[in-house]
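The values are calculated or read from the model by the stated rules, or taken from the named source; none is laboratory data. None of these values were measured; they are calculated from a predicted model. Cβ sites come from the backbone with ideal geometry, for glycine too, and all protein chains shown count toward neighbours. What goes into the accessible areas is simple: the full protein's heavy atoms, side chains included, and nothing from ligands, DNA or RNA. Shrake-Rupley method; radii C 1.70, N 1.55, O 1.52, S 1.80 Å.
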Amino acid sequence: RFQSVMFDRDTLIVSYDAKRGDPRGSRKKDIDPRTVDLGDCIDCKICVQVCPTGIDIRNGLQYECINCALCVDGCDSVMDKMGYPRGLIRYTTENVLAGKPYRWLRPRLIGYAIALLTMVSIFVYVLLNRVPLHADVIREREHLFRLTSDGLVENTYLLKIINMDQRGHTFRVGTSGLNNARIVGNNVVAIDGGDLLELPLRLTIDPGLLRDTGTKIEFHIEATDDPDLHTTVESRFLGPRTH
């Protein structure tokens, strides 16, 4: 079905040459088919018998055809036995069968080439610039925020870090977007290659330093032994109204 979308009248496909083969009919080997008003097809149905999808290629192009060319081989063997030229069923195009010239350089082919080159270029770029580190942060939804015993506003987060590198690294977690905020908990962790770590973190700040009830913040994760191995995830810090 995907091939049918890319198909045009200059696409090479397995086809039956009806002008040469019709009308069909059985005959003896030593009889010239033109003398009995027959084409080269002896209606042996070998092409149907060898087809893995059970179609009759002589009925024209069908979406079930997988272009395996077994019908081509089967028909050629019969043509050899009958002494007829090969190619009654062959790889050709609809334009050639209709007597029109074959065009190999056409707009659709150029468009597919450009699209394929673009996809390959993007894939290579992503592969070369791939950072083997992924992180996600989930903010605790049970409580919008907490007020600690020493009067600070506290938000709780669960940071998920995946080290997709083949070797282990030690990562440091930092924040930005909220000045004077402090991480409570261990912000330096070691993760083996290919492992996932779930790191609970608490972020606290003096409520007097909050300008809004919701502030956009970022968690920065960076390998201590490789500065190029880093990533950033976004979240929000919620607090009470200050006025």
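Let me know the Rg and Dmax you get for segment 54-125 when you use only its Cα atoms, in Å.
17.6, 57
What is the sum of charges around Asp56, taking Lys and Arg as +1, Asp and Glu as -1, for the other residues whose C-beta is under 15 Å from the C-beta of Asp56? Each step should come with its number before you reach the end.
Details: positive: Arg24, Lys45, Arg58; negative: Asp17, Asp22, Asp43, Glu64.
Net local charge, Asp56 excluded: -1.
When only C-alpha pairs under 8 Å and at least 6 residues apart count, what is the relative contact order of segment 168-219, in percent? Mind dumping the intermediate values first?
Numbers: 60 pairs, mean separation 24.6, N = 52.
Worked out over segment 168-219, it gives 47 percent.
At 1.4 Å probe size, with no ligands or nucleic acids counted, give the accessible surface of Asp206 in Å², nearest ten.
80
List the cysteines of the chain that have no other Cys Cβ closer than 4.7 Å: which are they?
Isolated Cys, the chain: Cys41, Cys44, Cys51, Cys65, Cys68, Cys75.
Extension gain Leu12-Asp80, at 0.36 nm per residue separation less the Cα-Cα distance, in nm?
Extra length from Leu12 to Asp80 when fully extended: 22.1 nm.
Which of the listed residues, Ile122, Gly174, Leu158, is farthest toward the dipole's positive end in segment 81-217, when Lys, Arg count +1 and Asp, Glu count -1 at the beta-carbon?
Ile122
Cα to Cα, under 30 Å, and not fewer than 8 places away if on the same chain: which lysines meet these conditions relative to Lys100?
Lys19, Lys45
Taking N as the number of residues in segment 116-233, what is its Cα Rg relative to 2.2 N^0.38 Å?
Computed over Cα atoms of segment 116-233, the ratio equals 1.28.
Only Lys, Arg, Asp and Glu count, each charged at its Cβ (+1, +1, -1, -1), so figure out the dipole size of the chain about its Cα centre, rounded to 20 debye.
Here the chain has a charge dipole of around 1040 debye.
I'd like to know which of Pro23, Trp104, Ile205 lies farthest towards the positive end of the charge dipole of the chain, counting +1 on Cβ of Lys and Arg and -1 on Cβ of Asp and Glu.
Pro23
Can you tell me the dipole magnitude for segment 14-81 around its Cα centre, using point charges on the Cβ only (Lys, Arg +1; Asp, Glu -1), in Debye to the nearest 20?
Dipole about the Cα centre, nearest 20: 180 debye.
From zero outward in steps of 10 Å, how is the percent of C-alpha pairs of segment 110-166 spread across the bins?
All Cα pairs considered, the percentages come to 18, 23, 19, 18, 14, 7, 2.
Need one value: the accessible area of His134 in square angstrom, 1.4 angstrom probe, rounded to the nearest 10.
Using a 1.4 Å probe on the heavy atoms, I get roughly 90 Å².
Using a 7 Å offset from the Cα along the Cα-to-Cβ direction at both Glu94 and Ile110, what is the distance between the two label points in nm, to one decimal?
About 2.2 nm, to one decimal.
Write down the radius of gyration of the chain and its Dmax, each obtained from C-alpha positions, in Å.
35.2, 109
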